[in-house]
Amino acid sequence: AARAFRYVNFLGGAVKAPVAQLELLPEIYKAKFSCPDDPQIAKIFDICAYTFHLNSREFLLDGIKRDRWCWSGDAYQSYMVNDYLFADRALNRRTITALYGKPPYLEHINTINDYSAFLLIGTWEYYFTTGDMEFIRFILPRAKALYQFILDRLDENGLVVQRPGDWIFIDWSDIDKDGPLCAEQILLWQAHNAMAKLSAAVGEDGGLYLDRADKLKSVIMEKYWDAEKGAFIDSFTSGRRNVTRHASIFAILYDFVDRDTAEELVKNVLENDAVTKLTTPYFELYELMALCKLGHLGMAQEMIDSYWGGMVRLGATTIWEQYDPTESGIRHYGMYGMRFGKSLCHAWGSGPIYLLGRYVAGVYATSVGSETFAVEPNPGKYAAFDAVVPMRDGTVAVHYDHGRLTVYTELSGGVVKFGGREYALEAGKTLAIE
């Protein structure tokens, strides 16, 4: 079996010409990002890209040191990063297929309730990005079987609960997991919606899925929304009415709440230092996505510099599974009760690739198959930046310099949204906006 290492110390005996081979999936790096006034940003981007490449093999793996496994939650984020780095459809497709396996389903994907939901949601998002109808027709029977497995394990209120053999994960943070967990329910709501969209894509009626989503939303708002706190509580059964970040983040990301409520969640939860901070790049990416979606780019840019940059300044050549800036020395490398148990090359740490391409350069698909797309730059604190972002079968180049913007692509179907106006992109022609 393959083993990953940075340094090797041979103890005892004569060592004759040790040989190490590096095995990588051949990929073309289609994305770039740099800021002329802050070379650290390009370094972070490149280290994230290298981290992601090392974990891109037959499937999208979590890390190359310890598990070397295909975890659905990790993979869900990796689909996004892949779209904004390699745009390797086959890699995402192989990973989705491997995770589904074959029915009948006797346990959740990776035994984790939330990871089953992520697989259904990720299947819809793959189709939206690629328009790959052949794959959707192939995989939809498995998606339906997994969805039915999820339904069969819900409680009488249609809520996700922990059954024997289940793992309610969400994140490593300290969450009140007594009874049905709010973050799980919002993921289920989005899974209902994903199934409705997939059904509609193949010409089937998705009304039943939407009905379930509507009923679930009513239950969630009744049982988990705390008007006094202006936030979702983790559990309605424990009596603690504990608030963590996870449910609020999902509510913003998946448009579970309207814009005003989303801003309320930012103020009461995401910008509230009294609410327990996140410690993994995994959920940190979701939090920063939620903030960027609402235009709060500053916090995301600061976090890229302090959190990801913090690892880089400690000498990291790949991004870690977890980073706690309050720790020091050898404590950085311990996890799971093992002195050196932490993965120091973890794919879920590559999130800045997505954040910078999607929200700073502002490139995103606006229709199935990315047939139409938008470029909506938001430089935030960056006075200038250069970006290249994959889109469809090509790329989009975005250059911003102190209020001046130029965009170039060989692709048709694009628009630029900048300065309160919208401009049509012509394939093969540079659009310059002063």
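With mean projected area of the Cα convex hull in nm² defined as stated, name the option among (i) 19.5; (ii) 23.2; (iii) 20.8 computed from the structure displayed. Structure-derived value, by its label: (ii). Distance from the C-alpha centroid of the range 146-197 to that of the range 81-111: 19 Å, rounded to the whole angstrom. On the basis of the beta-carbon distance and an R0 of 51 Å, GLN148 and ASN9 show a calculated FRET efficiency of 0.45. Applying a threshold of 22 Å to the alpha-carbon distances of LYS43/LYS381; LYS102/LYS144; LYS381/LYS429; LYS177/LYS217; LYS215/LYS267; LYS293/LYS381 flags LYS381/LYS429; LYS215/LYS267 as lying beyond it.
Highest average first, the peptides 349-358, 268-277, 418-427 ordered by how many other beta carbon atoms sit within 10 Å of their residues are 349-358, 268-277, 418-427.
For THR261 and THR326, what is the calculated FRET efficiency with R₀ set at 25 Å and r taken between the beta-carbons, to the nearest 0.05? For R0 = 25 Å, the calculated efficiency reads 0.15. The residue among VAL368, GLY413, VAL398 whose Cα reaches farthest toward the positive pole of the charge dipole of the range 362-434, with charges on the beta-carbon of Lys, Arg, Asp and Glu, is VAL398.
Select from PHE250, ASN272, TRP320 the residue farthest towards the positive end of the dipole of the range 241-362; place +1 on Cβ of Lys and Arg, -1 on Cβ of Asp and Glu, and compute about the Cα centre. It is TRP320, whose Cα lies furthest towards the positive end. Between ALA90 and LYS30, the FRET efficiency estimated from the beta carbon spacing at R0 = 22 angstrom works out to 0.95. Mean separation of Cα pairs under 8 Å and 6 or more residues apart, divided by the residue count, gives the range 196-337 a relative contact order of 14 percent. Our note on the geometry: Cα centres of the range 393-413 and the range 341-371, 18 Å apart. Between the residues LEU216, ALA87, GLN21, the greatest Cα displacement towards the positive end of the dipole of the chain, with unit charges on the Cβ of Lys, Arg, Asp and Glu, is found for GLN21.
Rg over Rh for the range 284-434 works out to 1.07, using Cα positions for both radii and the Kirkwood form for Rh. Taking the Cα centre of the range 97-218 as reference, the dipole from Cβ charges on Lys and Arg (+1) and Asp and Glu (-1) amounts to some 400 debye. As a check on your grasp of the helix formula, calculate [θ] at 222 nm for the chain: sum -39500 (n - 2.57) over DSSP H runs of n ≥ 4, divide by the residue count, round to the nearest 500. Value at 222 nm, helices only, nearest 500: -11500 deg cm²/dmol. Under the criterion of Cα pairs below 8 Å and six or more residues apart, the relative contact order for the chain equals 18 percent. The order of MET299, MET311, MET338, going from fewest to most other C-beta atoms within 10 Å of their C-beta, is MET338, MET299, MET311.
With the simple spin-label model, which puts each label point 7 Å out from Cα in the Cβ direction, the ARG68 to ASP174 separation comes to 3.6 nm. In percent, rounded to a whole number, the relative contact order of the range 362-434 is 25, using alpha-carbon pairs under 8 Å and six or more apart. Taking 0.36 nm per residue of separation and subtracting the current Cα-Cα distance, fully stretching the chain between ALA432 and ARG313 would add 39.2 nm. In this Cβ point-charge picture (+1 for Lys and Arg, -1 for Asp and Glu), the range 362-434 has a dipole of about 180 debye about its Cα centre.
Quick test of the membrane-span-like rule: which DSSP H helices of the chain reach at least 15 Å along their long axis (C-alpha atoms) with mean Kyte hydropathy at least -0.5? Qualifying helices: 39-54, 89-100, 113-130, 133-152, 182-201, 207-224, 281-293. Each Lys and Arg adds +1 at its Cβ and each Asp and Glu adds -1 at its Cβ; summed about the Cα centre, the chain shows a dipole of about 1260 debye.
The numbers here are math on the coordinates, done by the rules we state, and not lab data. It should be emphasised that the depicted structure is a prediction, and the values quoted were computed from it without experimental measurement. All Cβ positions, even for glycine, are placed from backbone atoms using ideal geometry, and neighbour counts span all protein chains on display.
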